[in-house]
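Working notes for the structure below.
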Amino acid sequence: MSDLLKQTEEITKIILEAKKKAQIETKEDKSKDFVSNNTDIEWPINCVVGPGLEGAIACTSKIGYVNGAKGWLIYRGYDIFDLCAYSTFEEVSYLLIHGKLPTKDELDIFNKKLINYRDINYTIKLLMGLNVEEMNTMAVLRIGTNFIRHDSTFIDSKYYKPDFNSHISSDEDSIPMETKPMGEKEAIYEFKKADYQEKSKIMEKELVDPIGYKSSYRLLSGVASVAGAVARLRQGKLPIEPNPELSFAANLIYMTTGKIPTPVEERIMDVSLILHADHGMNASTFATMVVASTLSDMYFAVGSGIAALNGPLHGGANAEVLKMLKEIGDIDNVEQWYEKKQQNKEKVMGFGHRVYKAYDPRARVLGPLAEYLIQNSDNKESKKIFKIAQKLEEQVIAHLGKEKKIFPNVDFYSGIVYSCLNIPVELFTPFFAVSRVSGWTARVIEYVQRNRIFRPRALYIGEFDKEYVPIDKR
Ligand code: CMC
């Protein structure tokens with residue numbers, strides 16, 4: 001058992017308690033849908049497809065399994081509760097990407113590589129040229145993946161570090177945005193003509209291992225470093241160098257807040273990273289796989305995963321939940337607030353799921369962990385928010401639990417956990433993305449081994465044989 005697990009046995013107990021509760025509540029249900037014992041599936045297969053591709057089977061996978069009826073979440077055959085109780089994010093990432101738990105030596109080498117890839121100085125330098133404090137944090141995170149890509153392709157080139165002549169500010173008169181477009185004759189790259197011709201001869205280097213392990217590791221560490229840098233830049237502070245002595249979770253908190261976390265804080269962040277690492281063919285994973293299936297590369301693919309995750313129906317819900325709880329403002333307002341939501345037929349953020357029709361196992365862990373943090377904190381505002389959340393959960397389950405099988409999902413309590421760890425609200429969704437990089441890249445690596453470009457059809461319900469009418473006659 002690692003030192004961290006020994007120091008945080010109370011957290012392990014909470015997780016095992018959640019596991020026991022889950023087993024008691026779902027033990028009657030034996031169904032195992034969307035499973036096959038046959039590893040060589042004969043396509044095409046029959047499935048009933050609903051809107052939003054509900055029920056569609058797009059590929060086979062050995063990476064992870066979600067059983068919505070039972071509230072099961074399995075990574076590579078291991079129960080999520082056991083992984084949270086006994087493992088670490090680094091080990092779980094290895095498991096997802098490589099398909100087995102690592103030996104001690106394999107984990108040591110993996111950790112060393114991840115630590116090495118935390119240093120993304122050139123990417124940070126490029127990020128510092130952006131107006132990060134005014135940008136959506138997920139937008140910066142997505143751009144960050146492109147910068148890491150750029151970093152990887154220029155790494156050994158003599159142009160790796162930009163020189164003064166290539167800066168836009170070197171000649172104000174020739175900034176193209178300030179001149180009228182003149183077409184081909186007046187090339188828009190005039191502002192860096194001096195070195196453009198020479199530079200253009202140097203082609204971008206090929207990415208090493210564009211859809212393989214190296215890119216996966218670089219992104220796993222790099223996206224976390226970008227998230228840390230974004231948090232700091234938004235506060236008007238300089239990004240912090242990664243600390244090679246710290247675990248993935250501790251370093252993430254350190255680079256974000258500037259403080260080395262306590263063992264309990266580190267462990268809770270680690271558990272949260274494990275819980276968010278993979279989740280079947282969710283929208284962002286699918287987006288990532290669609291991009292990779294064109295044989296574009298891992299950096300572009302992860303960038304599209306980040307874009308998809310940002311939506312409030314997906315990962316963006318964690319930030320929305322905290323806003324919603326603050327908007328409710330007081331435990332006595334919950335009933336009235338919820339009634340109004342119902343009347344307006346509006347959704348409550350942090351509830352419901354396309355797949356889970358039972359309590360989301362991730363919320364089963366994060367709820368009690370939030371409670372544990374709140375009990376040990378003297379932050380009155382957080383205590384109030386947590387009480388509002390508990391009351392809202394009661395209300396929603398009482399109305400929609402039985403009838404529509406709507407329960408809290410992972411995003412309902414994750415924001416409260418992050419707040420207690422002093423993570424700013426605009427970093428909640430980026431933190432989700434940081435963990436999900438392991439699932440995204442694992443699934444991309446698996447899929448491209450038997451790649452077929454994703455290319456579904458739409459059912460055309462439009463018209464035919466219309467006559468074109470010129471614009472002045474419409
Ligand atoms: N609050 C109230 N009613 C809901 C909710 C909710 N959060 N979610 C679903 N319903 C109702 C919905 O109104 C519909 O009712 P009816 O059949 O009477 O029209 C029924 O349940 C089915 O809803 P749906 O929108 O068709 O379900 P879906 O599978 O398309 O959407 C969902 C799943 C997660 C997008 C949806 O539950 C939702 O919008 N939840 C709120 C946003 C949220 O918390 N997202 C995080 C999801 S989990 C983590 C992640 O993926 O990032």
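L366 fails exactly one of the following numbered conditions: (1) more than 16 Å from the chain's Cα centre (by Cα); (2) surrounded by fewer than 23 Cβ atoms within 10 Å (Cβ to Cβ). What is the number of that condition?
(2)
Taking the stated definitions as given, is I274 among the β-branched types (V, I, T), at pLDDT below 95 and at negative phi? Show your work before the answer.
Details: among the β-branched types (V, I, T): yes; at pLDDT below 95: no; at negative phi: yes.
In short, no.
Could you list, in sequence order, all residues of region 337-363 that are assigned to a loop (DSSP other than H, G, I, E, B) and either more than 23 Å from the chain's Cα centre (by Cα) or more than 13 Å from the ligand (Cβ to nearest atom) (or both)?
N344, K345, E346, A358
This table checks each residue for (1) buried (at least 16 other Cβ atoms within 10 Å of the Cβ); (2) free of Cβ contacts under 8 Å to residues at least 12 places away in the same chain; (3) away from the ligand (no atom under 16 Å from the Cβ).
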residue	(1), (2), (3)
E335	no, no, no
Q375	no, yes, yes
I397	no, yes, no
K405	no, no, no
F412	yes, no, no
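Tell me whether region 42-51 contains one or more residues that are of a type in the set (V, I, T) and away from the ligand (no atom under 16 Å from the Cβ).
Scanning region 42-51 turns up at least one residue that is of a type in the set (V, I, T) and away from the ligand (no atom under 16 Å from the Cβ).
Please determine, by comparing only the residues of region 1-42 that are closer than 27 Å to T60 by Cα and among the β-branched types (V, I, T), which one is surrounded by the most Cβ atoms within 10 Å (Cβ to Cβ).
Ranking the qualifying residues of region 1-42, first place goes to T26.
Among the residues of region 43-64, is any open to solvent by less than 20 Å² (accessible area, probe 1.4 Å), closer than 22 Å to I406 by Cβ and touching a residue at least 24 places away in the same chain (Cβ under 8 Å)?
Among the residues of region 43-64, not one is open to solvent by less than 20 Å² (accessible area, probe 1.4 Å), closer than 22 Å to I406 by Cβ and touching a residue at least 24 places away in the same chain (Cβ under 8 Å), which makes the answer no.
Quick check on region 117-126: of everything there that is in a helix (DSSP H, G or I) and modelled with pLDDT under 95, which residue is least open to solvent (accessible area, probe 1.4 Å)?
T123
Would you please name the residue that is nearest to I385 (Cα to Cα), looking only at residues in region 315-333 that are open to solvent by 40 Å² or more (accessible area, probe 1.4 Å) and under 23 Å from the mean Cα position of the chain (by Cα)?
Only one residue fits best here, namely K323.
Name the pairs: first residue in region 272-293 and open to solvent by 10 Å² or more (accessible area, probe 1.4 Å), second residue of a type in the set (S, T, N, Q) and away from the ligand (no atom under 12 Å from the Cβ), Cβ to Cβ under 6 Å, at least 6 apart or on different chains?
A287/S304; V291/S304
Could you run through region 285-333 and say how many residues are more than 16 Å from the ligand (Cβ to nearest atom) and in a loop (DSSP other than H, G, I, E, B)?
6
Taking D472, is it within 21 Å of V365 (Cα to Cα), assigned to a helix (DSSP H, G or I) and among the acidic types (D, E)?
Criteria not met by D472.
Here is a check on your reading of the model: is K104 at pLDDT 95 or above, of a type in the set (K, R) and out of contact with any Lys or Arg (no Cβ under 8 Å at 6 or more places or on another chain)? Write out each step before concluding.
Working: at pLDDT 95 or above: yes; of a type in the set (K, R): yes; out of contact with any Lys or Arg (no Cβ under 8 Å at 6 or more places or on another chain): yes.
So K104 passes the test.
From (1) surrounded by fewer than 18 Cβ atoms within 10 Å (Cβ to Cβ); (2) more than 20 Å from the chain's Cα centre (by Cα); (3) at pLDDT 95 or above, pick out the condition that doesn't hold for S200.
In the conditions (1) surrounded by fewer than 18 Cβ atoms within 10 Å (Cβ to Cβ); (2) more than 20 Å from the chain's Cα centre (by Cα); (3) at pLDDT 95 or above, S200 misses (3) alone.
So which residues in region 212-266 are open to solvent by 40 Å² or more (accessible area, probe 1.4 Å) and among the small types (G, A, S)?
Passing the criteria: only G236.
The values are calculated or read from the model by the stated rules, or taken from the named source; none is laboratory data. Please read all numbers here as calculations on a predicted model, not as lab measurements. Counting neighbours? That spans all protein chains shown, and the Cβs are built from the backbone with ideal geometry, glycine included. Keep in mind that these areas ignore ligands, DNA and RNA; they rest on the heavy atoms of the full protein, side chains included. Shrake-Rupley method; radii C 1.70, N 1.55, O 1.52, S 1.80 Å.
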